[in-house]
1. Using a 1.4 Å probe on protein heavy atoms only, how many Å² of accessible area do A and B hide from each other, summed over both chains and rounded to 100?
2. Can you work out the Karplus-derived ³J(HN,Hα) for every residue in region B:264-269? Use 6.51 cos²θ - 1.76 cosθ + 1.60 with θ = phi - 60°, whole Hz, and x for glycine or proline.
3. Please report, in debye to the nearest 20, how large the charge dipole of chain B is about its Cα centre when each Lys and Arg carries +1 at its beta carbon and each Asp and Glu carries -1 there.
4. Amide H neighbours of B:PHE127 under 5 Å, at least 5 residues apart or on other chains, H built in the peptide plane: list them.
5. Just need the relative contact order of region B:96-214 here, percent rounded to a whole number, with Cα pairs under 8 Å and 6+ apart.
6. When we measure straight from the Cα of B:LYS336, which aspartates and glutamates land under 20 angstrom away, once same-chain ones fewer than 8 places off are left out?
7. Other chains' Cβ within 10 Å of B:20-26 residues: what's the mean?
8. Show me, for region B:416-423, the HN-Hα J-couplings you get by feeding each phi into the Karplus relation (A = 6.51, B = -1.76, C = 1.60, θ = phi - 60°), rounded to Hz, glycine and proline as x.
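The values are calculated or read from the model by the stated rules, or taken from the named source; none is laboratory data. Bear in mind that the values here come from a model prediction, so they are computed numbers and not experimental data. When we count neighbours, we look across all protein chains shown, and the Cβ atoms used for this are built from the backbone with ideal geometry, even at glycine. Calculation scope for accessible area: heavy atoms of the full protein, side chains included, ligands and nucleic acids excluded. Shrake-Rupley method; radii C 1.70, N 1.55, O 1.52, S 1.80 Å.
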Amino acid sequence: MKTDVEKAQLKTLADYRPQMAQCVKCGLCRAHCPVFAERGRETAVARGKITLAQALLDGDIGPDDKVAESLSQCLLCGTCSRHCPNQVPVDSMVLAARRELAAHRGRSLLSRSLAAVLRRPRLMQMLAFGVPRFAGLLFHRVPRQSGLRLRFSLPMVSRQRSLPAFARNSFRRSHAEYHPGNPDRPLVALFTGCMINFIYPQAGEGALRALTALGFNVVIPRDQGCCGLPALSAGDGATAGELAANNLRAFSLHNPAHIVALCASCHSGMTRYFCDLGPAYEKLSLRVTDIHTLLVDAGLEAVLQGLPRPATVPGAALHLPCHLRHDPQQAAAPGRLLDALTSTDWVPMDRSEACCGLGGTFSLYHYATSQRLGAIKAEAFRQSGADRLVTACPGCIMQLQDSLDQAGLPQRACHILELLGEALEDVQKLALPASSPTIRAEQKSNL
Amino acid sequence: MLDRRILRLIQDIVGEAYVSTTDSDRLCYSYDATQRRHRPDAVVWPADAEQISRLLKLANAEQIPVYPRGAGSGFSGGSLPIQGGLALVTTRLNRILRIDQENLIAEAEPGVVTEDLQQAVEALGLFYPPDPASLKFSTLGGNVAECAGGPRCVKYGVTKDYVLGLEVVLPQGDIIRTGGETMKGVVGYDLTKLLVGSEGTLGVITRIILKLLPLPEAKKTLLVLFDSIDGAAKAVAAVIGAKIIPATLEFMDATTIDCVRRATDLELPAAARALLIIEVDGDASSIEIQAGRIEQIVAPLGVVDIRIAATAEESEALWQVRRSVSPSLRKVNPDKFNEDICVPRSRLPEMIRIIEEISARLQIPIINFGHAGDGNIHVNIMVDKAEPGQKQKAEQAIEEIFAATLKLGGTISGEHGIGLTKAPYIPLELETGAVACMKAIKQALDPNNILNPGKIFLEN
Ligand SMILES: Cc1cc2nc3c(=O)[nH]c(=O)nc-3n(C[C@H](O)[C@H](O)[C@H](O)COP(=O)(O)OP(=O)(O)OC[C@H]3O[C@@H](n4cnc5c(N)ncnc54)[C@H](O)[C@@H]3O)c2cc1C
Ligand code: SF4
Ligand code: SF4
């Protein structure tokens, strides 16, 4: 049976005509676009990308290599839109333009390889953990001083990039589906995202501990998959739609009060980019919350502040993921948690809001630019003197760790959820703080 | 279109990677903040004056128009390649060459972004005052070519007051130096001043020597709401009459206040029909005294409310009122015609009343704000071009506003230049003799008319 989502269409480039007209070509994005800062060419800045998208639509330019190249030069970081006097949604527009290009040109090799893997969780599981013969084909282990690391060996992935090792067991496989809590508390569903599931399960662990410490009932729906953002970012609207439909099914089954995303990118994918997929998906979108915001709202700060303070406390610098910056409350949440942690001191870092340079498929196409942006970040971190680089998105962690490695810095990048997990390790059920109005176990209509 | 032979010659000069004829580059260098579009045949990114000189010699030999371009943030179309040819982009000339703390000068290339220079000198306790609102992205070359100004100009003057010397590639390819590093210099004609504000029609600027000041220790911001524009104008006169020159004296008229009130939740009482944002700077003790005196001076002039910032955050909150103007405008109507007339500051209320009358008669919203200290009004005529007749109405309004401006002893462009969009209006302001003199200069320096042709003066 087809759901609404499968029938629904993502917006086409033509749907963005009014937003294109809102760009007044003032040039302010030149001051803010991190890709432009590196490339220095108008084809790389928001204003140029909008011009090209519009020209593509008007037939003033063909879907040629140069246009494809320019439209691939976007981190989808949204920095331009935040500063733009007219809030032109450049990221959504670039995604639509990439779909348009893919329709004309056929999907790129990268996009096809990605889709093949992302669409099949079982294949992903197998590639990551299962059949060594297969793993050898796509991911081969290489020794490094610090231990075993993997290099992603899809075509176009730079061989220089250091990639994190896959976890021994995926997060979803190693945890039960249901984690009952206080019956008065609502049911929260975890949207783990691929990277936390396969690479950073300790962050998932931290989320689970924090939520259960607050008494939430937690479900980790078995059949969830990739959020679809990587496919969308590669211009593959069809795969993105299928993945969204799958998640809608997986989550509807449990009818949770909240769906919490542990990954800032998954969160933005599900709330910002997919909400026009049709009414059913929009309903799901409305329930998606970023985990940090939920934890703050539910009073975790008070719990953390009540924990004992160790004799020596390491310093942590915070990198704010671009995908959390769209909303001020959301943007503040990771910092509030870090501030409340007694086991870590929050050390200020310059440019803590600047993009890490990953940008999903961007770093696959443009590793050199991505690396330069990462180097700026690594330098800011070095100057901060912090012992750890904390963030709230596994994509950022991967990029930040690579940047620290490339800069020869020994420190680790990690998810703030991992720190929460460590801090809450010994704490079993805590006294529940008064529940905030948004968190009450209200009766929700079915998804 | 450029033929292959010429393209190869250009490649020989700048290198293959630094010239492009692709559709995407031609499109992305076809616009500026006027939103008009004219595609160049090719885009070139030369590295230095020597390459620019060779490009201009080639352009003369082959009759190719050349259009200098900085950030493309111009409001009058100065960088638009209206006759095709080459867009000559200065992005690669982006070095700050030196900051001389003994002589208080800086030397920089034209592609340096204004704010980058300001931050570099401020780190050393020095100050480069010209502050166009586009300073985060405009280039120094574009600032010099347009003689850019900004809010601080009431106290500190405009770009031309800071340019001591230039290196320029003349239209036929000769590289010359004008002015120098000294505060004084009267040897020969003042070519530096001639080139400042020449809008890329007399030469390509490749080096700029700028005068710096010591950075003021502190500043203090006041927001004063008045019950009429006359009150605000009297306040400006009274403050300056009391021998206080604030660093900025920004005003918003009733139309602007209403527009911001509707679009934001900023607190602006309905009784406020004009406002001033006054910022004083200097050493910490003197700004307190200045702010106190301003408070006393404006008090009897119909003040509805006065807010004085005690901290940097509070100051930022006051400036937020001004910053929210641009985003609020679109909520009035989708398209704007943006003029930047300038009248003697005492005539400001008169000018505002004339504009209000035109707006009421033609039934189109016109929103005015700007730099009260120097009588510079940003007139925003808000229309919906999709509606028939609106564009014509806007054009009529512009003509009437320009005529009134000149009658009051003003000028039709305070900051944004003539370029393409204001060229038709030049005869309104300049005598034929003055235009002929300017054309003679252009003809002498650029006999083949290859540098930024079609700008400032209408051809035919
Ligand atoms: C949002 C916004 C706010 C603005 N606010 C102000 C303001 O407050 N005050 C103000 O004065 N202006 C303002 N402007 C207008 C504009 O930013 C200025 O005119 C600025 O100086 C242009 O710089 P640019 O580097 O973008 O030059 P461009 O637009 O690229 O070029 C402008 C002119 O300079 C010429 N030129 C550029 N570089 C050179 C060079 N090296 N040699 C010779 N000629 C050259 C070009 O040919 C063109 O004629 C604003 C614009 C915007 C979009
Ligand atoms: S800041 Fe916004 S309106 Fe201005 S050029 Fe960039 S995208 Fe267009
Ligand atoms: S989303 Fe980010 S990378 Fe893309 S154009 Fe905007 S600022 Fe540049």
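1. On the way: alone 18690 and 19960 Å², together 36470 Å².
Its buried surface, counting both partners, is about 2200 Å².
2. Once rounded to whole Hz, the list reads 10, 9, 5, 7, 9, x.
3. Numbers: 48 positive and 59 negative charges, 150 e Å.
For this selection, approximately 720 debye.
4. Hits under the 5 Å cutoff: B:LEU213, B:LEU215.
5. Values: 228 pairs, mean separation 37.1, N = 119.
Over region B:96-214, the number comes to 31 percent.
6. Answer for B:LYS336, where 20 Å is the Cα cut-off: B:ASP32, B:ASP253, B:ASP258, B:GLU356, B:GLU357, B:ASP384, B:GLU387, B:GLU395, B:GLU399, B:GLU400, B:GLU415, listed by chain and number.
7. Details: counts 3, 0, 8, 8, 18, 6, 1.
That works out to 6 on average.
8. So the Karplus estimates, Gly and Pro as x, are 7, x, 9, x, 9, 6, 9, 3 Hz.
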